[in-house]
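The values are calculated or read from the model by the stated rules, or taken from the named source; none is laboratory data. Nothing here was measured: the structure is a model prediction, and the numbers come from that model. With ideal geometry, Cβ positions are generated from the backbone for all residues, glycine too; neighbour counts draw on all protein chains shown. Heads up: the accessible areas ignore ligands, DNA and RNA and are worked out on the full protein's heavy atoms, side chains in. Shrake-Rupley method; radii C 1.70, N 1.55, O 1.52, S 1.80 Å.
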Amino acid sequence: MEVERTFVMLKPSCIQRGFIGEVISRFEKKGLKIIQLKVEKLSREKAEKLYEVHRGKPFYENLINTVAGKTVVLMILEGRKAISVVRKLVGATDPAEAEAGTIRGDLAIELTDNLIHAADSPESYQREHRIFFSEDELETY
Ligand code: ATP
Ligand code: MG
């Protein structure tokens, strides 16, 4: 897959700490195109849908409580190999292990509250973006 799309969610701590611009700027500088961008108070229902693959894991409740009922930023990004490019820019799941130069490596330290979520495969992108965006919001410009 060459040009593709990915889904990203800036977690509440990213908004609370004033890093919306910093993170979006990194995506823009890389050359990714912002197809959609919205600010939303994340319902518990949508949080549970987004993280349904993690239901039953020991960190699940904590993960849901970190994001549910709080303001997040949701976006669809487009570019060449966007899914793996964005995962590289985001860095390892645990910010304490994430390389310097990555978003988590530079701006986060907590594991559950690791600043940002990014889809990890075309299947995840398909499933996740539909939770937040309707078909008519996917047109390009
Ligand atoms: P994301 O899906 O948010 O982009 P990821 O793909 O790097 O992150 P996943 O394994 O999908 O990591 O975990 C989803 C989220 O669950 C992580 O972003 C993190 O907030 C939390 N998480 C994952 N593993 C742990 C853990 N061992 N302890 C606490 N929280 C965790
Ligand atoms: Mg994941």
Going from the alpha-carbon gyration tensor of the range 1-116, what semi-axes, largest first and in whole Å, does one get by taking the root of 5 times each eigenvalue? 22, 16, 14
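Ignoring any ligand, DNA or RNA, what whole percent of the accessible area of the chain comes from carbon and sulfur when the probe is 1.4 angstrom?
Values: 3720 of 7480 Å².
Carbon and sulfur together cover 50 percent of it.
Over the range 95-141, with the other protein chains present, what is the accessible area per residue in square angstrom, probe 1.4 angstrom?
Details: 2610 Å² over 47 residues.
For the range 95-141, the solvent-accessible area averages 56 Å² per residue.
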Residues whose built amide H sits under 5 Å from the amide H of residue 98, excluding neighbours closer than 5 in sequence, are 92
For the range 39-141, the count of lysine pairs 8 or more apart or interchain whose alpha-carbon atoms are under 20 Å apart comes to 6
So if I take the centroid of the Cα atoms in the range 23-49 and the same for the range 112-141, what is the distance between those two points in Å? 8 Å
Can you tell me, using C-alpha contacts under 8 Å and at least 6 residues apart, the relative contact order of the chain as a whole percent? 36 percent
With +1 on the Cβ of every Lys and Arg and -1 on the Cβ of every Asp and Glu, and nothing else charged, how large is the dipole of the range 65-126 about its Cα centre, in debye rounded to the nearest 20? 240 debye
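Go through 27-33, 130-136, 115-121 and give me the packing order, highest mean Cβ count within 10 Å leading.
Numbers: 27-33: 15.0, 130-136: 12.4, 115-121: 20.3.
By packing density, highest mean first, the sequence is 115-121, 27-33, 130-136.
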Listed highest first by mean packing, meaning other Cβ atoms within 10 Å per residue, what order do 5-13, 100-108 come in? 5-13, 100-108
